[in-house]
Amino acid sequence: MTEAILLVGGQGTRLRPLTITTPKPLLPVAGVPVTVHQIERARDAGVTRIVLGTSYRAEVFAERLGDGRDLGVEIAYAVEDEPLGTGGAIRHAAALLTCGPGDPVMVLNGDVLSGVDYGALLAGHVASGAALTLHLTRVDDPTAYGLVPTDGEGRVLAFREKPQTPEEIVTDQINAGCYVFTRSVIDEIPAGRPVSVEREVFPRLLERGVLVRGVVDDAYWLDLGTPWDFVRGSCDLVRGVAPWSGHAAAESLLLEGAQVDDAALVGGGTAVGRSARVIGDAVVQGSVLLDGCTVEPGARVVGSVVGEGARVCSGASVVDSVIGDGAVVGPGNELRHGARVWPGVELPPTSVRFSSD
Ligand code: GTP
């Protein structure tokens, strides 16, 4: 039996207001919760049992995922009374693992879409005898991430969290939020208090001189932390840019009961949620329409998320914006540049307008 821990307890503040109602890992990318994409990939790599480390809105996970039977894995839930941070959550969840001290345990951040070969990571970890193996990915601008330089043999040399100066940018390799720990290493993490895996656990391992490996690859990778990356991840799955078995690449994905009128233009990888409606000549490009929302004739939605049951009225334009669940964008409004409408808010006709471009 191979076990994994999935970290799903974060508050997802950057994704508000979407995460007010639904925890980030359960938000649907291409109609399927991020967590489910990860569980399916882990299962296909041989993982049979998964402990979900929950905190924020913990109860929703068990309601949605149950005991994991429908997904072909066994799921157990470790609920933190107070958020314990990434390292504390791993330590807390480990109480529900059944494997022995020398066995590998895969640990995944619950908000990452990735094409990395989990099976190869697990096998490479076991063969190397390392204490910890990290998946690393390369990004153009590493300043918002934790940098992880390695030597020619893939041995991790340092951990640099979110570099502030150009001198600190020593590599373009970043921590991709996917690890394989040898179980005994998890049991050494301090229990019962918040611990950061990036700032505390990883640096301590290097100080002790144990083998910490970094595996760099060019597989698809996206952190879904912001609304814009969330939209991109969903569109990438629909369009086949991100790997997803069981779905053929297309310009749009219509979920059960979705209605798109003949005159409407829907593309760019847009996912149209269950029972959502795109009416008349509405245009929706590169967006996520959540369940039960409505885009009325003459409305335009580009690069945006429209929340569950929300309504974009005739002639309204929503570009690079987030519309919360149940909100109404009245006729003639123009939302752009990262605008966020909170759940249930109703914008009166033409109350928001951008005229500069
Ligand atoms: P932001 O608030 O927008 O930064 O998002 P976040 O709360 O998800 O934080 P972040 O993206 O840094 O978290 C990385 C991963 O760790 C996510 O999958 C979170 O769900 C998870 N995580 C973060 N903090 C905790 C925690 O205290 N407990 C548990 N169980 N998971 C956590």
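Would you confirm, using the coordinates I've provided, whether E188 is more than 30 Å from G307 (Cα to Cα), free of Cβ contacts under 8 Å to residues at least 12 places away in the same chain and either of a type in the set (D, E) or within 16 Å of the ligand (Cβ to nearest atom) (or both)? Judged against the criteria, E188 is a match. For the stretch 146-195, filtering for residues that are part of a loop (DSSP other than H, G, I, E, B) and aromatic (F, W, Y) leaves 1.
With respect to the stated conditions, L84 fails to be in contact with a helix residue (DSSP H, G or I) (Cβ under 8 Å, 6 or more places away or on another chain) and under 19 Å from W244 (Cβ atoms).
For first residues located in the stretch 98-115 and assigned to a loop (DSSP other than H, G, I, E, B), partners that are of a type in the set (S, T, N, Q) and within 12 Å of the ligand (Cβ to nearest atom) and lie 6+ apart or on another chain with Cβ distances below 9 Å form the pairs G110/T35; G110/Q38; D111/T35. Here P83 passes the criteria (1) more than 9 Å from the ligand (Cβ to nearest atom); (2) surrounded by fewer than 20 Cβ atoms within 10 Å (Cβ to Cβ) except the one numbered (1). Of the residues making up the stretch 200-214, just one is more than 15 Å from T182 (Cβ to Cβ) and in contact with a His (Cβ under 9 Å, 6 or more places away or on another chain), namely G214.
A Cβ distance below 9 Å, combined with a sequence gap of six or more or placement on separate chains, defines the contacts here; from the stretch 209-224, residues that are without any contact (Cβ under 8 Å) to a residue 24 or more places away in the chain reach no residue that is away from the ligand (no atom under 16 Å from the Cβ) and among the hydroxyl-bearing types (S, T, Y).
Residue count for the stretch 291-336 under the criterion of being within 28 Å of the chain's Cα centre (by Cα), under 15 Å from R353 (Cβ atoms), of a type in the set (S, T, N, Q) and surrounded by 24 or more Cβ atoms within 10 Å (Cβ to Cβ): the result is 1. Of all residues in the stretch 309-322, those that are β-branched (V, I, T) have Cβ atoms under 6 Å from Cβ atoms of residues that are in a strand (DSSP E or B) and surrounded by fewer than 20 Cβ atoms within 10 Å (Cβ to Cβ), 6 or more apart or on another chain, in V319/V302; V322/R340. Does the stretch 7-15 contain any residue that is more than 11 Å from the ligand (Cβ to nearest atom) and touching a Gly at 6+ places or on another chain (Cβ under 9 Å)? No, the conditions are met nowhere in the stretch 7-15. When G257, G286, G269 are screened for being surrounded by fewer than 16 Cβ atoms within 10 Å (Cβ to Cβ) and under 21 Å from L27 (Cα atoms), only G257 passes.
Screening Y77, Y56 for residues that are assigned to a loop (DSSP other than H, G, I, E, B), within 15 Å of the ligand (Cβ to nearest atom) and farther than 26 Å from V238 by Cα leaves exactly one candidate, Y56. Here is a check on your reading of the model: is I50 away from the ligand (no atom under 11 Å from the Cβ), surrounded by fewer than 18 Cβ atoms within 10 Å (Cβ to Cβ) and touching a residue at least 40 places away in the same chain (Cβ under 8 Å)? So I50 fails the test.
Looking at this structure, is V216 in a strand (DSSP E or B) and more than 18 Å from the chain's Cα centre (by Cα)? Considered against the rule, which asks whether it is in a strand (DSSP E or B) and more than 18 Å from the chain's Cα centre (by Cα), V216 comes out as yes. V272 - would you say it is in contact with a Phe, Trp or Tyr (Cβ under 9 Å, 6 or more places away or on another chain), closer than 16 Å to V231 by Cβ, not small (G, A, S) and not assigned by TED's automatic domain parsing to the domain that holds R16? No.
The values are calculated or read from the model by the stated rules, or taken from the named source; none is laboratory data. This is a predicted model, so every value here is computed, not measured. So basically every Cβ, Gly included, is an ideal-geometry build from the backbone, and we count neighbours across all protein chains shown.
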